[in-house]
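Working notes, structure below.
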Amino acid sequence: MSVLTVDVALGERSYPIWIGAGLIDDAGTWRAALRGRHALIVTDEHVAPFYLARVRAGLASLAHATLVLPAGEATKTLDSTSRVFDALAALGASRDGTIIALGGGVVGDLAGFAASCWMRGIDFVQMPTTLLAMVDSSVGGKTGVNVDAGKNLVGAFHQPRAVVADTSTLATLPQREYAAGLAEIVKYGAIGDADFFDWLEANVDALNAHDADALAEAIAFSCRYKAGVVARDERETGERALLNFGHTFGHAFEAERGYGELLHGEAVAIGMTLAAMLSTRMGRAPAADAERLSRLLTRFGLPIAPPPADADALLARMRLDKKNIGGRLRLVLWRGIGQAEIAADIDEHEVRAVLGRSHAGPMRGLG
Ligand SMILES: NC(=O)c1ccc[n+]([C@@H]2O[C@H](COP(=O)([O-])OP(=O)(O)OC[C@H]3O[C@@H](n4cnc5c(N)ncnc54)[C@H](O)[C@@H]3O)[C@@H](O)[C@H]2O)c1
């Protein structure tokens, strides 16, 4: 089995990301990342039937327990975090315990947050099973849960000990979730690497067909890219904000339409399209690049036209974004493919024009 390794360089908190088909069964690779005497596997009810027994087999003699939570965003709560604490207590896990997060971004964010809190911080290992989690949420150490006031408002920076990305788990992932992960992969090319963007254009068919080599290469590139950004700006004081390309628009649509209608990656695809359109309108970037971006997203089966939503309400949500300073809108825009930048000189009339124009066109997956 071939395993690609990407290192996240954060001094003594550095860790490897292993990428390969069948890695879950290859405990020889990942078992060394578990330092303690106890392990708790946190997973969800969709993932458990496929993969839980195989991870357990790799733990063999280690004292361990499992916690299977309901699947979906509604699980990412403080109540679920308490359930993780209860399971750790029942297991007798002290500071030498490790949490294994087996699942998508929901399980990873929640289990990572619980690990950051238990006994003021214990080890955790990410075993992402969605494409989005492999290329984005499992890398970089952002953990957290949702509260009534909003998504991801309670959390911590807590880096995993290792990330074990078994690409063969993607075979059971629903197609729509797979495409949502591709949106984040496109994002890395769009914001920082025109050559990778070209590569994606040339490999659409292979990626749509789940070709193992193309997939491993795309995941490895994405992890390498994100790892580089995180190593330079772990706490998002600068460059890391560029990873939010398309997200300010996307979050506004996700919230305005009600969570659950658009997948996060779908909202990001729409958001990137709008950010590129806005960049063109503001004279910052060529129209041809915006067209290439929408074409690529469309070929991956992603939506680019947003559902109808009230422009005032969308703008109100966008003004709440963490990147804004002094009430003025700041957005990640681009100069063209591979050249994202923070733009502070945003004219809200232009944003409205883009939001208005975007209503035409079909919206896949929406009734
Ligand atoms: N921490 C970060 O930096 C970061 C970055 C991006 C997103 N996120 C968070 O990630 C979450 C979204 O993650 P997600 O898209 O992975 O969603 P998810 O965890 O809800 O998984 C999507 C669905 O796929 C199912 N599933 C997972 N793996 C499967 C498999 N191999 N086979 C069959 N079904 C499978 C899940 O049970 C779920 O129903 C959001 O909460 C978001 O806030 C965090």
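The values are calculated or read from the model by the stated rules, or taken from the named source; none is laboratory data. What you see is a predicted model; the values in this text were computed from it and never measured. With ideal geometry, Cβ positions are generated from the backbone for all residues, glycine too; neighbour counts draw on all protein chains shown. The accessibility values were calculated without ligands, DNA or RNA, using every heavy atom of the protein model including side chains. Shrake-Rupley method; radii C 1.70, N 1.55, O 1.52, S 1.80 Å.
Ranking of CYS117, CYS223 by solvent-accessible surface, largest first: CYS117, CYS223 (1.4 Å probe, protein heavy atoms only, all chains present). Hey, could you get me the Stokes-Einstein D for the range 1-44, Kirkwood radius over alpha-carbon pairs, 20 °C and 1.002 mPa s, rounded to whole µm² s⁻¹? Stokes-Einstein gives a translational diffusion coefficient of 175 µm²/s.
Expressed as a fraction of 2.2 N^0.38 Å, the C-alpha radius of gyration for the range 233-272 is 1.26.
Note on ASP25 and MET282: with the Förster distance fixed at 35 Å, the Cβ-Cβ geometry gives a FRET efficiency of about 0.10.
Computed extension length for GLU45-ALA231: 63.6 nm, one decimal, from 0.36 nm per residue of separation with the Cα-Cα distance subtracted.
The residues neighbouring SER80, those whose beta-carbon lies less than 12 Å from its own, together hold a net charge of -3 under the Lys/Arg +1, Asp/Glu -1 convention.
Less than 5 angstrom separates the built amide H of ILE100 from those of LEU40, ILE41, VAL42, VAL125, all sequence-distant by 5 or more or on a different chain. Summing Lys and Arg as +1 and Asp and Glu as -1 over all other residues whose Cβ lies under 11 Å from the Cβ of THR143 gives a net charge of +1.
Evaluating 6.51 cos²θ - 1.76 cosθ + 1.60 at θ = phi - 60° for every residue in the range 43-56, the Karplus couplings come out as 8, 10, 6, 7, 7, 3, x, 7, 10, 4, 4, 5, 5, 4 Hz, glycine and proline recorded as x.
For the range 132-273, the alpha carbon convex hull comes to 120 Å³ per residue, rounded to a whole number. Label zone (ALA32, point 7 Å along Cα-to-C-beta; backbone nitrogen cut-off 16 Å) within the range 141-164: 161-164.
Step through the table entries LYS187/LYS322; LYS151/LYS187; LYS151/LYS323, compare each Cα-Cα distance with 18 Å, and write down the pairs that go over it. Violating the 18 Å limit, Cα to Cα: LYS187/LYS322; LYS151/LYS187. Largest mean-square fluctuation among ALA353, ALA39, ALA115, in a Gaussian network model of the chain whose springs join Cα atoms under 10 Å apart, belongs to ALA353. Toward the positive end of the charge dipole of the range 40-122, about the Cα centre and with charges on Cβ (Lys, Arg +1; Asp, Glu -1), which of THR43, ALA115, THR77 goes farthest? So the residue we want is ALA115. Taking label positions 7 Å along the Cα-Cβ direction at both ARG54 and ASP211, the computed distance is 2.3 nm, reported to one decimal.
When Rg and the Kirkwood radius Rh are both evaluated on Cα atoms of the chain, their ratio Rg/Rh stands at 0.96. Rounded to the nearest whole Hz, the Karplus-based 3J(HN,Hα) values (6.51 cos²θ - 1.76 cosθ + 1.60, θ = phi - 60°) of the range 108-124 follow the sequence x, 5, 5, 5, x, 5, 4, 5, 5, 9, 4, 6, 6, x, 10, 5, 8, with x at glycine and proline. For the range 132-199, which chymotrypsin sites (Phe, Trp or Tyr not before Pro) are in a loop by DSSP, counting at most 14 other Cβ atoms within 10 Å? Hits after loop and neighbour filter: nothing returned.
Equivalent-ellipsoid semi-axes for the range 70-176 (Cα gyration tensor, √(5λ), whole Å, largest first): 21, 16, 13. Each Lys and Arg contributes +1 and each Asp and Glu -1, all at the Cβ; summed about the Cα centre of the range 246-367, the dipole is approximately 240 debye. Equivalent-ellipsoid semi-axes for the range 1-114 (Cα gyration tensor, √(5λ), whole Å, largest first): 22, 17, 16.
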